[in-house]
Each structure stands twice: as structure tokens, then as C-alpha cells.
1. Output the residues belonging to region 343-361 that are basic (Lys, Arg) and either surrounded by 15 or more Cβ atoms within 10 Å (Cβ to Cβ) or not assigned by the TED database to the domain that holds ASP320 (or both).
2. If you scan region 341-385, which residues turn out to be more than 23 Å from GLU319 (Cβ to Cβ) and small (Gly, Ala, Ser)?
3. Please verify whether LEU291 is buried (at least 19 other Cβ atoms within 10 Å of the Cβ) and among the hydrophobic types (A, V, I, L, M, F, W, C), treating the condition exactly as stated.
4. When you scan region 114-141, how many residues do you find that are more than 16 Å from CYS194 (Cα to Cα) and either at pLDDT 85 or above or surrounded by 19 or more Cβ atoms within 10 Å (Cβ to Cβ) (or both)?
5. Look at SER283 and say whether it is surrounded by 13 or more Cβ atoms within 10 Å (Cβ to Cβ) and either hydroxyl-bearing (Ser, Thr, Tyr) or over 21 Å from GLU264 (Cβ atoms) (or both).
Amino acid sequence: MQTLKSPQNIGFLALVILVLSLQMYYMMNVRSQTINQILNIQQESLLKQTEIMVQEKNLSEISEFEEELRQVHSQTNGITSMLPTVSSDIQELIEFRGLMAANGFKDLQVEQLGQILHEDEKAHIIENQYQLTYISTYTATKEFLLNLRHSNQLINISSFEMTTAPQEEAENGEEYGSQIGEVIQAKIVLSTFCLKGEGQEETYIPYIIGTSHVSKGIENSKGMSQQEEIEVNSDTVAQPHLTKPQPQMNDFYLNLWDTLVAGENFTFSGPAPLQRSFTGLRSGANVYVTLTLREDGYDVSLEDEEGKVQQNSVQYSLEDLKLIVDSNIARIKEVMPTVQIFIRNYTNQMIEVQCKGSNLDLITIYNEYDEMVKPGEVKGKVKRI
């Protein structure tokens with residue numbers, strides 16, 4: 001019988017002790033290091049996955065940034081291409097001054113304050129700064145400022161001041177009579193922009209005074225202080241084919257511009273008892289125009305898909321109904337907003353609708369039955385010519 005101290009048992013115990021020692025060493029050192037390596041790899045993998053997600057998000061936004069950049073370039077090129085040359089700018093200024101004088105602006109003075117050259121790799125643009133001073137009525141000045149916003153040139157008004165001092169002068173009392181309470185002296189500092197260098201002379205039809213854009217609710221100037229400053233934001237961009245004929249008394253006019261024009265880019269004017277009515281809306285979204293005609297008047301609503309609404313209602317005996325839609329929309333981006341015009345004609349007359357200008361494919365006409373009326377068609381009481 002073998003004892004515990006036999007060589008075989010001692011060797012077996014030594015082997016067991018060695019195996020246990022190796023297992024303990026493995027558990028405490030090798031396995032622990034392996035687990036730490038696995039944890040580090042998992043953490044690095046998580047960080048890499050996070051970086052990949054961020055890069056994928058940035059990659060998805062590149063196309064959006066490229067589209068925004070393309071639209072900015074398109075608008076910049078559009079503005080630059082519409083700027084007149086130096087010769088045309090001078091011609092416009094001469095006609096501009098003549099129109100002011102022809103429309104009763106007294107003591108008119110035009111002073112050039114300076115000239116700034118803006119240069120980049122695409123164009124050299126000259127900014128001409130002028131100061132205008134004149135005597136006229138408050139109503140004429142309001143109309144003048146309104147129409148500057150739709151001028152054929154890019155115009156920026158940096159300051160505007162007016163005073164009622166001319167009301168105290170006797171000669172003005174004799175000239176203006178009952179309107180003496182509206183007589184003011186105004187000083188306007190503005191800038192026009194043109195391209196440097198020689199170029200083909202463009203022909204611009206001035207749109208300054210005597211148009212259909214007459215503000216409603218003009219207050220009398222008797223209550224004004226002796227001098228006040230008015231902030232006027234009148235940046236606007238020249239538009240091609242921008243011609244503004246004098247409206248006929250009974251015609252309706254709907255003028256359309258893109259968002260490069262400051263102020264209202266959708267304007268409606270129509271007949272009224274004392275002066276033509278005016279309704280304006282500024283929007284860069286799809287616009288819905290609703291004109292409701294009755295024997296004793298009409299209602300008009302300009303509304304966009306974002307919920308902005310401008311409305312007007314006029315009591316007036318209507319005859320020889322005609323709507324002229326004048327589009328001056330420039331295609332400044334790939335997907336342009338549309339204009340849908342709904343004409344609810346509840347009179348005994350037919351209304352003629354004439355659409356002219358640029359990008360007429362963006363305009364759709366509907367009659368009182370919500371039927372689309374195409375050029376040359378007569379549907380319901382709407383005739384499109």
C-alpha cells in the first residue's frame with residue numbers, strides 16, 4: 001500500500017499545485033489584460049461609430065449647403081446682371097429729376113455726396129450717393145417713397161428728414177391753397193448702384209411718380225413736429241420688362257414681383273370712389289389671390305400658404321370689368337412659388353383677364369366655379385385674353 005509520502009503522490013500533488021498556480025496567474029494577469037483590451041476595443045469602436053454618424057450627418061447636409069450656396073450665387077448673379085451701366089445710371093438720374101420737377105416738387109436740389117467702388121472677382125459695382133431736397137406735399141412724398149421701393153434700379157435710402165417749415169411761407173399758402181397743411185420740405189439721402197466700365201446702354205422706363213401705388217390712410221401733416229426722422233427701408237432690385245402704364249379708371253391691376261424687391265411683392269389696385277384702392281402683401285411662399293366682384297363693389301384678398309393675409313373691400317359701381325396681371329417675377333431659384341388667382345364674378349358682366357410679363361407659367365386663373373381658365377378660353381364669367 002502506497003503512503004501519502006510516496007514519490008508518486010508527491011509528484012501528483014506538485015502537479016496539481018502547479019496547475020492551480022498557473023490558473024491563478026492566468027486569471028489575475030492574462031485574462032484581466034485580455035478583458036481590458038476587449039473593453040478598450042469596444043470603447044474605440046463606439047467612438048468610431050459616433051464619428052461615422054457625425055460624418056454621415058455632415059455628408060447629408062452638404063447637398064443642402066450646396067443648394068443654398070447655388071441659390072445665393074443665382075441671386076447675386078441676378079442682381080448683378082440687372083444693374084445698369086454708368087451711362088444708363090446717369091440717364092436715369094436725369095429722368096428721375098425731371099419727373100420730380102414735373103410732379104410739383106419745388107426747389108429741387110440734387111447733390112452728389114460721394115462715390116464708393118465695391119470690387120470682387122465677379123463685378124466692379126459703383127455706389128453713387130446723393131442728397132435730394134425739395135418742397136412738396138406729405139401725400140406726394142408718401143407716394144414717392146412707396147414707388148421708390150419698386151424702382152427699376154437698386155436704390156437704398158439711408159436717411160429721410162422732413163419739416164413743416166414751408167407752411168409758414170406766404171407764397172406756399174397762395175400756391176397750395178387748402179393743401180397748405182400738407183406742405184413739407186424733405187431731405188433724402190440715397191444711393192444708386194451701377195456697373196463700372198463701358199457697356200450697352202439699357203433703356204429704363206422710370207417708375208417714380210404718378211403711378212397706381214397710392215397709400216391709404218395718409219395722415220395730415222398739421223399734427224407733425226417741426227422736424228422728424230423716418231426710417232425707410234427701400235432696398236429694391238431692378239426687374240426686367242418693368243413697365244407701369246397709367247391704370248384705366250375701372251381696370252384692376254395685380255402686379256407681381258419676386259422677393260428681391262423690397263416691400264410688398266404682390267400688389268393689387270382697383271377703382272374706388274375717391275382714389276384707387278391699394279392692397280399689398282410681401283411673401284416668398286405660394287400666394288392665393290381672391291377677387292370677389294359684385295354689382296355694388298368688390299372684395300380682394302391676398303393670402304399665402306404661411307397664413308399671412310391682406311384684405312380690402314370697396315363699395316363702387318363696376319363697369320367694363322378687366323383685370324391686368326403684370327408679372328415681373330425673376331426665376332431666382334429652381335423651385336419658384338406659384339400664384340393662384342380666384343375670380344368670383346357675381347355681376348351680370350364678363351370680366352376680361354390679361355396676363356403679361358415674365359414667367360407666366362407660375363400663374364393660374366380660376367373662375368367662380370373653381371375651373372381653370374387658360375389663355376384664349378372663356379369659362380363662366382371669366383374671359384382670358
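1. The answer is ARG344, and nothing else.
2. Listed by number, the residues that qualify are GLY357, SER358, GLY376.
3. yes
4. Residues in region 114-141 being more than 16 Å from CYS194 (Cα to Cα) and either at pLDDT 85 or above or surrounded by 19 or more Cβ atoms within 10 Å (Cβ to Cβ) (or both): 10 in total.
5. Yes, satisfied.
The values are calculated or read from the model by the stated rules, or taken from the named source; none is laboratory data. Note that the structure is a prediction, hence the values are computed from the model and not measured. Using ideal geometry, Cβ is built from the backbone for each residue, glycine included, and neighbour counts are taken over all protein chains shown.
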